[in-house]
Each structure stands twice: as C-alpha cells, then as structure tokens.
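Please read the structure below before turning to the comments.
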Protein chains: 2
Amino acid sequence: MHTEGFINHITALRSLGGSRVWSLMISLFGDLAQADGQHIEGPQLSTIMGLLQVKPEATRVALHRLRNDGWITSSKSGRISAHALTVKGRMESAAASPRIYAEPQDAAQSWQLIILEDVLSDELEGFAPIGPRIYVGDAELAAPEGALTLPGTAVPDWLRLQAEPEHLRQDYVALQETLAALSDALPDASEIAPIETAVLRCLIVHNWRRLVLKHPALPAPLVSDDWPGRHCHVLVANLLARFPRPSLAGMDQRRAA
Amino acid sequence: MHTEGFINHITALRSLGGSRVWSLMISLFGDLAQADGQHIEGPQLSTIMGLLQVKPEATRVALHRLRNDGWITSSKSGRISAHALTVKGRMESAAASPRIYAEPQDAAQSWQLIILEDVLSDELEGFAPIGPRIYVGDAELAAPEGALTLPGTAVPDWLRLQAEPEHLRQDYVALQETLAALSDALPDASEIAPIETAVLRCLIVHNWRRLVLKHPALPAPLVSDDWPGRHCHVLVANLLARFPRPSLAGMDQRRAA
C-alpha cells in the first residue's frame, strides 16, 4: 500500500482524541516492545512517529519527558540510538495489558454486590458504583473489610444501565464507528508493511486503552447487549488478531513480502 | 391479691405511654374477644377499664368513637349490654396478631437484600431501610417488581445496627425494664383473678403492639443480641404464657379459685 493510502485509513482513528504524543508513545512501546530487552531503534521510531503525523520536534519533546518521568531509557550503539521501556515502564505496561488485551469472551461470568457501612468519598477500586454505598464487580474481587458482600443473582436491565460508565458512552460510540469503518476498509494484513502494522496497532491500542482503563472491568452479566464498549471490545480484539504484532527485527522493510 | 396490690403492679406498665383509651380498648378486645361471636359484657368492661384507671366517662367516649369508626358494635340483651368487635375490627386484629403473638424462636432465619432502581419516597412494606434504595427483610417476602434481590449472606455487625429501628430503642429499653421488673414482682397466675389477668394481658399486649407494629419484622440474623426489642419479645412471650388468656365466661369471679 502507498504511504498516503495507509495514512488515509488511519486518519479517523488518529483524530479521535488522545493526541498527547507522550501517551501515544507509551501505547506504542507497550504494544511493540514491552518485553525485557526489547527496544525500538531511533530510525524506526522516527518512521513510526512520522506515519502517526507527529512532527520530529514533538517526538523529541515527548521522548525527553518520558525519560524524565522514568518511563523510557535511551542508549546509543554507534550512531544508532535505541529506546526501551524502563523497569517501571514495563511494570506499568504489564499491569494494564490484561485489561487492554483481554478477549471479550474472557469477561467474568459471575458478579457480586457490595454494600459499605458508610458512604465512601473515594472510588472503590475494581468496583462500579451503583448508588451511595452500593457497588458491583467481578465475584473474584476481594471486598473491602467489613463490607456486606452478596453473590450476584438475576440482573434487572436497569442495573446494567447503572453499572455501565455512561459518561464514556459517546466516546465508545465514536470509537466503535471508527473501528467498524476501518475494519471494513483495511486490506489484507499482507498488504500492509510491518511498520505500518505497528502504527495501526498503536492507534487501536491507544484509543481503546484511553477508554477501557477509565472504568472497572464489568462481568459479562452486568453489560447490556448494546453497550458500545462491548462492541468496541470485539472490534479491537478482531483487529489485533487480524494484524498481528510485527517483529522488531523485520520491521525495517517498508512493505510486507 | 387485693385490688390495690394488683394496681400497684401494673402502674408502671400503665404509665409507659400509649394512653389513648380507644387504642387500649382495641388491645383489650383483640386479646380477650377476637373470635367471631365473642363479646365483653358491659359490667365486665366497666370493671376492666376501672382497673386500667380509666374513668367511666372516658370509657363511654372511647366506646362511642370505636362504634363510629366501625371497630366495635354494642347490643343489649335485657339490661346487660354486650360489646364485640365488628367484622372489620376482627379482621384488623387478626392481621396484627401474628406479629403480636409470634414466638421469639419463630423469627425468620433467612433474609434477603433488595436494591431498588430509584429512591423510594414511601416506605417499602415489610422491609427495613438500610440506605437509599437498599432494604433488608425476610427471605420469604415478595420483592417489588423489577428490584434486584439477593439472598442474605454473612451479616456484618453494622448491618444489624442499621436494620434495627434505632428511633424505637429508648421505648424498647423502657418496656424491657418495666416488663422485667413486673415479671419478678408478679405472683403466681393462680393468685390473680381472671379479670385482673385480662387487664394485665391487655397492658402487656398494648405496650408491645405499640412498638412492634411500628417497624418491619426482622429475620433473626439481622437482630443484635443486645437489641432491647429482642429482650422485650422474650419477656412478652413468657408473660403471656405464664398468664394465659382467661375465658370470658369465668371472668366474673373476682379471684381465681
């Protein structure tokens, strides 16, 4: 595929939001080079960021920031620099990966309801709030000490509506529409160069991660059939399977064989 | 027992509150003459109300009111009037009797928690409110349509404190102390005339009914060991068993054989 054609494909996804370059870069490293010992070489990174429509100066600023924050480490071997996640960067990426790369069918099937003694001023991690003192979540989650915990039963429709992160509905709808159109428009994986695949995956992961990490994982019985986040999850999983992660070594070819 | 001695025994119970004569009379008829065909004769009623320290004029006013409200019907057979519950009066008494005369050990052993979709402006009959939209009650109760219902599990202490009708605690404490003292002070049932037994039972039932009908019945797991209502229940049940309901026919003797 011509570079221009590829960029046309990803424009909608690129402009969905989440345009902070350092955050985009975390998505990239997390997807492409999360394992210990993996790095992205300077020229590869420049090409990828260029395809993401990020200017070289913005890439330099973001790299600087990520190094200062302890996410990325850069080294030089001869004239080629290599950028890698730090231990902290790898740990943070690894912590988020189960949510980001979960298969839709792996969602928890059983849930629990929790009643707290008092109103909580903060969030209750892992649980979705339903009302004052009332939370629902995966049955496997440890409840806070002293809470009343009850295994989930038949779920009325209104409970799903209250458990779903309604404030993210429009964002999920936008992502769903963009991914659906992209999925229809994209050619076979063999038509896309490995480095373009890296860019495509980066954008998919980035836009998905921005939403899915903003709310607790809901067990399947607590999600409505037409919740856009459910559709996004299926689209993301299908696209990531259809365009597998390229190897860093083989990425310098501009086009697949 | 001399009349004066008996009146001394019941003074504390008589002065606990709930002094509306018509209400006292409903307690009396409900305990003594609830069955179809039963009536209390005018002279018996006068003696009983006298022992309850109610003046004849107040008795007449209350009788008049209860007739107007359709609770009591009065008839005359020769020179003797007879007062009985109406069909409505018997039905209302019968509806309240299971709560009033329940044995403490008959309390429900299993409970349920209910979450409503919205905040309810009214009470949810039979259920105790725990917080906005959260209710607990007997597992056998029918939940409102559309509610999320969950079988009860292990009960944290705070849940009992929130389920108990805290606003009635002081009234239950006062009743408990009075009944405990009365239970210690009272002589054998055989030392008390049948009509005095009727008066004693009327006051016990009256003061118990005033509290127990003001809140839903709580399943046993939801009641703290030291909840004063629990102690009252045991005292009431023991006293009513120790001083059985006299027969209306045998009540004209001033003293038991």
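Only residues that are at pLDDT 95 or above and farther than 27 Å from B:A237 by Cβ: list them for the range B:68-80, please.
Pass one, the range B:68-80, residues at pLDDT 95 or above: B:68-75.
Answer for the range B:68-80, where residues must be at pLDDT 95 or above and farther than 27 Å from B:A237 by Cβ: B:N68, B:D69, B:G70, B:I72, B:T73, B:S74, B:S75.
Of everything in the range A:187-229 that is among the basic types (K, R) and in contact with a helix residue (DSSP H, G or I) (Cβ under 7 Å, 6 or more places away or on another chain), the residue that is least open to solvent (accessible area, probe 1.4 Å) is A:R201.
Restricting attention to the range A:204-253, which residues are among the hydrophobic types (A, V, I, L, M, F, W, C) and within 27 Å of A:P43 (Cα to Cα)? Write out each step before concluding.
Within the range A:204-253, the first condition is being among the hydrophobic types (A, V, I, L, M, F, W, C), and the residues that meet it are A:204-205, A:208, A:211-213, A:217-218, A:220, A:222-223, A:227, A:232, A:234-237, A:239-241, A:243, A:248-249, A:251.
Answer for the range A:204-253, where residues must be among the hydrophobic types (A, V, I, L, M, F, W, C) and within 27 Å of A:P43 (Cα to Cα): A:I204, A:V205, A:W208, A:L239, A:L240, A:A241, A:F243, A:L248, A:A249, A:M251.
Just one residue in the set A:D106, A:D122, A:D138, A:D69 is touching a Pro at 6+ places or on another chain (Cβ under 6 Å), among the acidic types (D, E) and more than 14 Å from every other protein chain (Cβ to nearest Cβ); that residue is A:D138.
One residue alone among B:I100, B:I48 is in contact (Cβ under 8 Å) with a residue 24 or more places away in the chain, open to solvent by less than 40 Å² (accessible area, probe 1.4 Å) and within 15 Å of B:V199 (Cα to Cα), and that residue is B:I48.
Do the conditions hold for B:A95, that is, is it away from chain A (no Cβ under 14 Å), surrounded by fewer than 12 Cβ atoms within 10 Å (Cβ to Cβ) and under 23 Å from the mean Cα position of the chain (by Cα)? I'd like the intermediate steps shown before the answer.
Working: away from chain A (no Cβ under 14 Å): yes; surrounded by fewer than 12 Cβ atoms within 10 Å (Cβ to Cβ): yes; under 23 Å from the mean Cα position of the chain (by Cα): yes.
The answer is yes for B:A95.
Yes/no per residue for (1) aliphatic (A, V, I, L, M); (2) free of Cβ contacts under 8 Å to residues at least 60 places away in the same chain:
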{"site": "A:A95", "(1), (2)": "yes, yes"}
{"site": "A:W111", "(1), (2)": "no, no"}
{"site": "A:L148", "(1), (2)": "yes, yes"}
{"site": "A:P151", "(1), (2)": "no, yes"}
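Evaluate the range B:80-89: report whether one residue or more is open to solvent by 50 Å² or more (accessible area, probe 1.4 Å) and under 19 Å from the mean Cα position of the chain (by Cα).
Kept after step one, since they are open to solvent by 50 Å² or more (accessible area, probe 1.4 Å), are these residues of the range B:80-89: B:80, B:87-88.
Cutting the leftovers down to under 19 Å from the mean Cα position of the chain (by Cα) gives us B:88.
Looking through the range B:80-89, at least one residue is open to solvent by 50 Å² or more (accessible area, probe 1.4 Å) and under 19 Å from the mean Cα position of the chain (by Cα).
The condition of being within 18 Å of B:T47 (Cα to Cα), at pLDDT 95 or above and out of contact with any Gly (no Cβ under 8 Å at 6 or more places or on another chain) holds for only one of B:R65, B:R60, B:R90, B:R99, that being B:R60. Do you know which of the residues in the range B:124-172 that are acidic (D, E) and crowded, with 17+ Cβ neighbours inside 10 Å is nearest to B:R210 (Cα to Cα)? Once the filter is applied, the top-ranked residue is B:D171.
Answer yes or no: is there a residue in the range A:213-228 that is among the aliphatic types (A, V, I, L, M) and under 26 Å from A:S15 (Cβ atoms).
The first filter runs over the range A:213-228 and keeps only residues among the aliphatic types (A, V, I, L, M), leaving A:213, A:217-218, A:220, A:222-223.
Still in the list and also under 26 Å from A:S15 (Cβ atoms): A:213.
Yes, some residue in the range A:213-228 is among the aliphatic types (A, V, I, L, M) and under 26 Å from A:S15 (Cβ atoms).
Are any of the residues in the range B:126-144 assigned to a loop (DSSP other than H, G, I, E, B), over 30 Å from A:R133 (Cβ atoms), touching a residue at least 40 places away in the same chain (Cβ under 8 Å) and among the hydrophobic types (A, V, I, L, M, F, W, C)? Within the range B:126-144 (the criterion being assigned to a loop (DSSP other than H, G, I, E, B), over 30 Å from A:R133 (Cβ atoms), touching a residue at least 40 places away in the same chain (Cβ under 8 Å) and among the hydrophobic types (A, V, I, L, M, F, W, C)), the answer is no, since none of the residues qualifies.
When B:D184 is tested against (1) out of contact with any strand residue (DSSP E or B) (no Cβ under 9 Å at 6 or more places or on another chain); (2) open to solvent by less than 40 Å² (accessible area, probe 1.4 Å), just one condition goes unmet, and that condition is (2).
The values are calculated or read from the model by the stated rules, or taken from the named source; none is laboratory data. Just so it is clear, the model here is predicted, and its values are computed rather than measured. Every residue, glycine as well, gets a Cβ built from its backbone with ideal geometry; the counts of neighbours run over all protein chains shown. Heads up: the accessible areas ignore ligands, DNA and RNA and are worked out on the full protein's heavy atoms, side chains in. Shrake-Rupley method; radii C 1.70, N 1.55, O 1.52, S 1.80 Å.
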